[in-house]
Structure formats: C-alpha cells, structure tokens
Amino acid sequence: IAARNAAASNDEGAELLAKAKGLRMNTEARRAIFCVIMGAEDFADALDRLLGLPLADKQEREIPRVLVECCLQEKAYNPYYETLATRLCERVKSHRLTLQLCVWDQIREIAPTRRNLDGFDRDYTAGGADSSKPKVSVRRIANLARFTAGLLVSGALAPTALKVIDFGGGLDSDERARLHHR
C-alpha cells in the first residue's frame with residue numbers, strides 16, 4: 001500500500017510540475033510555491049508548508065504573486081486562495097504589501113492608467129497606443145474582484161489598496177474595468 005501511495009504522489013507531483021510549467025512558473029521557487037499551494041490538503045496545511053519552504057528573502061515575495069496567479073487562473077472563484085492569503089498576511093506582515101502590489105498590478109492590467117502632470121489618472125489606451133495588447137478575460141476580472149473584496153473584508157488589505165482604481169471612469173471607461181469595479 002505504501003508503494004502505491006508513493007507512486008500516486010509521484011504522479012501527482014509530476015502533474016503539478018507540468019501545470020506549473022504551463023502557467024509560466026519559470027523559477028524553482030515559483031514551482032515549489034505552486035506545488036505547495038495546489039497540492040495542500042487545506043489552507044492550514046498550505047500555510048504551514050509555505051512558511052516552511054527554504055526561500056531567500058527576495059524569493060518569499062513570490063508567495064503572494066503565485067497565490068494571486070493561481071486564484072485568477074481558476075475557472076470558478078475558489079475562496080481557498082482568499083483564506084490562504086488572509087492567514088498568510090496575519091502570520092507574515094511583509095506579505096501584505098506584496099499582495100497589495102500584486103492586486104494593483106492586476107487592476108492596472110484591466111484598466112491601465114497613466115499619472116498626468118495635473119495629478120489625475122487618465123486612460124492611456126484610449127488613443128490606441130497599446131490597443132494591440134490582449135484583453136483580460138472576464139473570468140480573471142471576476143476572480144480578482146471577489147478575491148480583492150474578500151481580502152478587504154477580512155482586513156488582509158487596507159481600503160487604501162483601492163486608491164489605484166478610478167471609480168469615476170466616464171463613458172470612455174472600458175467595460176471590463178467597470179465590471180471589476182462593480
């Protein structure tokens with residue numbers, strides 16, 4: 001029975017590594033983090049295993065990045081990632097800032113803006129300068145919105161995390177950005 005369990009776990013590990021490669025987890029640290037997140041029994045197991053990974057200081061910043069990417073890749077929203085992120089921020093305060101920056105990066109991908117000299121954000125894709133960039137899928141937008149809302153409600157992210165969002169986007173605002181903000 002032990003040999004059968006070991007073979008099954010090796011197959012599962014190989015499958016997770018293949019998925020990690022498909023999601024562009026291109027460093028050893030990112031692949032290890034991905035395998036821990038996706039192969040854990042529950043959020044408590046994942047949290048213990050993530051905190052036990054032998055990562056260097058800069059590599060620890062990859063944990064929130066991989067966590068957000070895993071959440072956004074899901075076909076249907078999974079609150080597992082939100083719970084894991086919340087507990088991670090409670091245990092390691094430095095992950096809170098990294099998580100906030102990851103959320104900001106994803107929000108900017110949905111509704112890119114540029115800070116003008118007058119201090120107001122303006123949409124820089126309206127002129128067609130970057131219109132060749134592929135649009136973000138509705139699934140990723142919905143997952144990001146639910147993930148961000150859950151982190152705000154749980155206190156893992158401060159309300160100031162929303163300061164990059166232009167809620168007053170007028171008629172020229174992209175429909176995907178409006179979907180996220182709603």
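The values are calculated or read from the model by the stated rules, or taken from the named source; none is laboratory data. These figures come from a predicted structure and were not determined experimentally. All Cβ positions, glycine included, derive from the backbone under ideal geometry; neighbour counts span all protein chains shown.
For this structure, a couple of remarks:
- Among all positions in segment 129-144, there is no residue which is out of contact with any His (no Cβ under 7 Å at 6 or more places or on another chain), modelled with pLDDT under 75, surrounded by 14 or more Cβ atoms within 10 Å (Cβ to Cβ) and farther than 29 Å from GLU60 by Cβ.
- Helices (runs of 4 or more DSSP H) lying entirely in segment 1-86 (those with 2 or more residues that are modelled with pLDDT of 75 or more, in contact with a helix residue (DSSP H, G or I) (Cβ under 6 Å, 6 or more places away or on another chain) and closer than 21 Å to LEU152 by Cα): 43-52, 62-73
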